[in-house]
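The values are calculated or read from the model by the stated rules, or taken from the named source; none is laboratory data. Since this is a predicted model, take the numbers as computed values, not measurements. When we count neighbours, we look across all protein chains shown, and the Cβ atoms used for this are built from the backbone with ideal geometry, even at glycine.
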C-alpha cells in the first residue's frame, strides 16, 4: 500500500531537483563562483550536472505516480544522489574542498539520502506484503 508521505517526499524532491537543474543550466557561472569561492569562473561540467539533476527530478516525479511499481527509480535516484557529490568533487571542484562545497554537498545531496532510503524501503516492503 502506498503511504501518502511517500508521494509527498518524492514530489517535493522532484520539484526541488528540477528547480535546481534549471538554476544550474541558466546560471552556471554564479554557481561555480559560489561553490569554488571565486577560484573558478567557468566549468563546462556544470551543464552536465544540470542535466543529471534534471533527470533525477524527472525520475522522482515519475516515481510519485506509482512509487511501488517504480521503486527501482527511487533506488536509482538514491544512488545518483550518493554518487553526485563525488561527481561534483572530481569534475567540477577539481578535488578542491571549500566550506561552501561542503554546505552544497550536505544540503543538495546528503540530506535526500534518508528520505529516499525510507521511501524505497517502504516501497519494497509494500511490494513484499502483497
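In table form, for the structure just shown:
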read-out	value
Conditions (1) free of Cβ contacts under 8 Å to residues at least 24 places away in the same chain; (2) surrounded by fewer than 19 Cβ atoms within 10 Å (Cβ to Cβ); (3) in contact with a helix residue (DSSP H, G or I) (Cβ under 8 Å, 6 or more places away or on another chain); (4) farther than 22 Å from residue 2 by Cβ; number of the one not met by residue 70	(4)
Number of the exception - residue 60 against (1) under 16 Å from the mean Cα position of the chain (by Cα); (2) surrounded by fewer than 16 Cβ atoms within 10 Å (Cβ to Cβ)	(2)
Qualifying residue in the stretch 39-55 (condition: in a loop (DSSP other than H, G, I, E, B) and crowded, with 16+ Cβ neighbours inside 10 Å)	yes
Residue that is more than 14 Å from the chain's Cα centre (by Cα), surrounded by 15 or more Cβ atoms within 10 Å (Cβ to Cβ), touching a residue at least 24 places away in the same chain (Cβ under 8 Å) and under 22 Å from residue 5 (Cβ atoms), where the choices are 119, 77	119
Within the stretch 1-32, tally of residues that are over 17 Å from residue 104 (Cα atoms) and crowded, with 19+ Cβ neighbours inside 10 Å	4
Residue identified as under 16 Å from residue 11 (Cα atoms) and not in a loop (DSSP other than H, G, I, E, B) among 75, 88	75
Matching residues, the stretch 1-38, being part of a loop (DSSP other than H, G, I, E, B) and free of Cβ contacts under 8 Å to residues at least 40 places away in the same chain	27, 38
Conditions (1) surrounded by fewer than 20 Cβ atoms within 10 Å (Cβ to Cβ); (2) touching a helix residue (DSSP H, G or I) at 6+ places or on another chain (Cβ under 7 Å); number of the one not met by residue 35	(1)
Filter result for residue 85 (surrounded by fewer than 20 Cβ atoms within 10 Å (Cβ to Cβ) and at pLDDT below 95)	yes
Some residue of the stretch 102-125 being over 17 Å from residue 16 (Cα atoms), modelled with pLDDT under 90 and in a helix (DSSP H, G or I)	no
